[in-house]
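We did not get these values from a lab; they are worked out from the coordinates using the rules stated. The shown structure was predicted, so the numbers you read here are calculated from the model rather than taken from an experiment. So basically every Cβ, Gly included, is an ideal-geometry build from the backbone, and we count neighbours across all protein chains shown.
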Amino acid sequence: MLKRPHHTMRRIPYIPVSRKHPITRTPEWHELSTNWNIMLHYYAAPGLLKQAHQINATIIFEKVSKYFDLTIHGMVGKRRYKKLVMARQIAQYLLRYRLKMPVEAIGKLFNRDHTSICHSIKFIKGQLTMKHETEISTHLINIENQLKW
């Protein structure tokens, strides 16, 4: 086996990153798990205004948690109580279809794999397409009325 000479190895240059620089200001995907609040504000729905501020992921988290009388920490947690799961799935659906967030980013916010997010969204869509009104569709309509899309 041939070894590469030392002088031909590639070196990665050091690029200083400034938080005030416009290009490096937006969060990277690897930062989601460490500081998800930045990503919540990063994904704001363009053109939707509510009382002089845009509807973003933080507002969706607050409205859903307030509607179900839960904490945001509880919604993001691992517990699988029916009330928590329902609130979590509705929040994921709203983040995906109202804010157009990618499922990978939603998965990072909820500390879950993107396939779990896809399953939740598919479940909510299935509940909404039923002919009779379901519990989830009622909750979703009430939360959307609070958000005033």
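Points to keep in mind about this one:
- Residue within segment 115-129 that is within 14 Å of Ala57 (Cα to Cα) and either buried (at least 16 other Cβ atoms within 10 Å of the Cβ) or basic (Lys, Arg) (or both) present: no
- If you check Val103, Val85 for being without any contact (Cβ under 8 Å) to a residue 24 or more places away in the chain, within 20 Å of Lys125 (Cβ to Cβ) and surrounded by fewer than 18 Cβ atoms within 10 Å (Cβ to Cβ), only one passes: Val85.
- Looking across segment 102-114, the residues that are within 16 Å of Thr58 (Cα to Cα) and part of a helix (DSSP H, G or I) come down to Ala105, Ile106, Gly107, Lys108, Leu109.
- The set of residues in segment 59-82 being basic (Lys, Arg) and either touching a Cys at 6+ places or on another chain (Cβ under 9 Å) or free of Cβ contacts under 8 Å to residues at least 40 places away in the same chain (or both) consists of Lys66, Lys78, Arg79, Arg80, Lys82.
- Residue pairs meeting the criteria (Cβ under 9 Å; at least 6 apart or on separate chains; first touching a residue at least 40 places away in the same chain (Cβ under 8 Å) and under 17 Å from Ala91 (Cβ atoms), in segment 108-134; second outside any loop (DSSP other than H, G, I, E, B) and polar (S, T, N, Q)): Leu109/Gln92
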